[in-house]
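Chemist: Quick one: this structure, given as structure tokens, is what I'll be asking you about.
The values are calculated or read from the model by the stated rules, or taken from the named source; none is laboratory data. Please read these numbers as outputs of a predicted model, since none were measured by experiment. All Cβ positions, even for glycine, are placed from backbone atoms using ideal geometry, and neighbour counts span all protein chains on display.
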Amino acid sequence: MAVCVAQIYCWEGLAGGKGVNRSQHAPGPKAGLGIRDLLSFRRDPIAFLQNLASHHGDVTHFRLGWKNAFLLNHPDLVHEFLVTHAPSHLRGPVMQRSRAIMGDGLLTSEDPMHAAQRRLIQPAFHRDRITRHATVMAKYTSNMCARWRPGEIIELRKEMMSLTLAILGKTLFDTPISEDASEIGEAVTELMALVDLVFVPFSRYLPLPGLRRLKRVRARLDRLIYGLIDERLRSGVDHGDLLSMLLQSAGEKSASAIRQVRDECLTILLAGHETIANALAYALFLLAQHYDCAEKVRIEVEKIAGQRELGAEDFDRLTFTRAALAESMRLYPPVWVLGRGITQPCSVGPYTAPAGSILFVSQYLLHRDSRFFHEPLRFHPERFLENSPTQRFAYFPFGIGPRRCIGEGFAWMEGVLALATITRKWNIELLHETKLVLDAKITLRPKFPIQVKLTPAQQKATSGAQTTCEEHASERVTARLAAS
Ligand code: HEM
């Protein structure tokens, strides 16, 4: 059952939409009770939003159950939504509900606490720090590549999840967290599945099996994070990483201060590895279909670094590799939709959304909009090199405004170095049966394992499964599967 951040806003949280407003005049499907829209949204949220935008234009009003909802589908509206009106928006119920696991970390907290915590954590993501992490990023990727064998079939996303978790553990917590990879991966999956629960009215109060799983996930994650904290407190050594920084700020180490450290660590752990793992998996999947682009990456790496290991100093010169990653995140944005709740009436373009409405913008929709991207379904990294006249705010994989991703610089460094390191060593070949079907949950995840075959980069791919990304377009495949 596909559920996304957006869906959760429908059921709980902000005050219901009362009072009259100009929302009645915003185009949209016939209002009714909102049940039909709700079910369509739940079945296939991407297809539902795409359908709204193509039929009703840049501002669409629809009903999700008893809630007013608006889809904003123009870069100017993205700016208005995420920057101009940001101070009057609240995190929606999905983030409120996620607090049951994540506590009051950066993703879930509201101002003024959010602004204070963001100021505190920001130095851990300063460019100098990220530059220092580059060696680990490249080294860990090289180690992974060295473990792979010619002809081996791997599951792309699983490999990327282990890699990005290991890098995050080492750089921000100075810990070999990857030993807990399967447990954390499982916890993330359960967290996403538990999002389904929020969709069930009064789920908070029902003895649902999902709630028991929620408690188990939380206990496992607590054991892990508090274990890291205790060890660090016992040793008293300053590792100069995020964990030490947070502990220093915890002053007297009261229970509530330690609790806050736990919340921030867990948030970074959960927000900081699945997103970039998905981005890398999609990028490698696309390069597997576009041998010419993979070759361009190889030529670029060879020219810049020869045979030596890559490092931070190469980042700015890996321009094509970066463009390939940017283009992958255009087609498959790891965070595909952003939703906010409003407690006060708020203008949305020429209309006014009433208090209690849910507002959405979708990276997936705008990144594939032919008004802003020429041949939008084509994988064409050069568009990010050509200084293309792309409208500002039509491309926003990391969000914009005060809640913009704090890990963006980290993600670019890691993504570019990992993509270059893997591609220089290995050809990723799709198997004939490999299909990419998207699962639009909090993040945009592949629904099924992406099995690929490895051949050394010097050897040209032989499987012949070099399909185009359009053939794998999620919504069509999903619709086909749903219909079958
Ligand atoms: C390709 C990788 C990534 C993508 C596409 C991505 C995307 C995003 C987006 C779109 C948001 C904004 C959410 C909103 O406006 O509601 C966000 C927030 C956030 N991201 Fe990322 N992210 C990535 C990697 C990372 C990494 C590597 C870290 C940490 C190591 C991280 C930590 C966070 C945190 C803590 C927030 C909350 C920021 C705040 O509310 O102040 N992300 N991310």
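Chemist: Return the residue satisfying two criteria in turn: it lies in the range 319-338 and is within 8 Å of the ligand (Cβ to nearest atom) and under 19 Å from residue 77 (Cβ atoms), and of such residues it is farthest from the chain's Cα centre (by Cα).
Modeler: Among those residues, the one meeting the criterion is 338.
For every residue, the table says whether it meets (1) closer than 24 Å to residue 48 by Cβ; (2) among the aromatic types (Phe, Trp, Tyr).
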residue	(1), (2)
336	yes, yes
345	no, no
352	yes, no
372	yes, yes
393	yes, yes
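Chemist: Right, next: Of the numbered conditions (1) of a type in the set (A, V, I, L, M); (2) outside any loop (DSSP other than H, G, I, E, B); (3) buried (at least 21 other Cβ atoms within 10 Å of the Cβ), residue 310 fails exactly one; give the number of that condition.
Modeler: So residue 310 meets the others, but not (2).
Chemist: How many of the residues in the range 44-60 are free of Cβ contacts under 8 Å to residues at least 40 places away in the same chain and part of a helix (DSSP H, G or I)?
Modeler: The total comes to 6.
Chemist: Same structure again: For residue 401, indicate whether it is surrounded by fewer than 20 Cβ atoms within 10 Å (Cβ to Cβ), touching a residue at least 12 places away in the same chain (Cβ under 8 Å), within 13 Å of the ligand (Cβ to nearest atom) and more than 20 Å from residue 51 (Cβ to Cβ).
Modeler: yes
Chemist: Also, quick follow-up: Where the second residue is of a type in the set (Lys, Arg) and more than 8 Å from the ligand (Cβ to nearest atom) and the first is in a helix (DSSP H, G or I) and lies in the range 258-279, which pairs have Cβ atoms under 8 Å and are six or more apart or on separate chains?
Modeler: Close Cβ pairs (under 8 Å, with a partner that is of a type in the set (Lys, Arg) and more than 8 Å from the ligand (Cβ to nearest atom)) amount to 274/445; 277/157; 278/157; 278/445.
Chemist: Select from the range 101-135 the residues that are among the aliphatic types (A, V, I, L, M) and surrounded by fewer than 18 Cβ atoms within 10 Å (Cβ to Cβ) and list them in ascending order.
Modeler: Pass one, the range 101-135, residues among the aliphatic types (A, V, I, L, M): 101-102, 106-107, 113, 115-116, 120-121, 124, 130, 134.
113, 115, 116, 120, listed by residue number.
Chemist: Listed residues 356, 341; which is in contact with a Lys or Arg (Cβ under 9 Å, 6 or more places away or on another chain), modelled with pLDDT under 95, outside any strand (DSSP E or B) and not assigned by TED's automatic domain parsing to the domain that holds residue 325?
Modeler: 356
Chemist: Quick one: residue 282 ticks every box in (1) away from the ligand (no atom under 16 Å from the Cβ); (2) modelled with pLDDT of 95 or more; (3) of a type in the set (Ser, Thr, Tyr) bar one, so which box is it?
Modeler: Against the list (1) away from the ligand (no atom under 16 Å from the Cβ); (2) modelled with pLDDT of 95 or more; (3) of a type in the set (Ser, Thr, Tyr), residue 282 comes up short only on (1).
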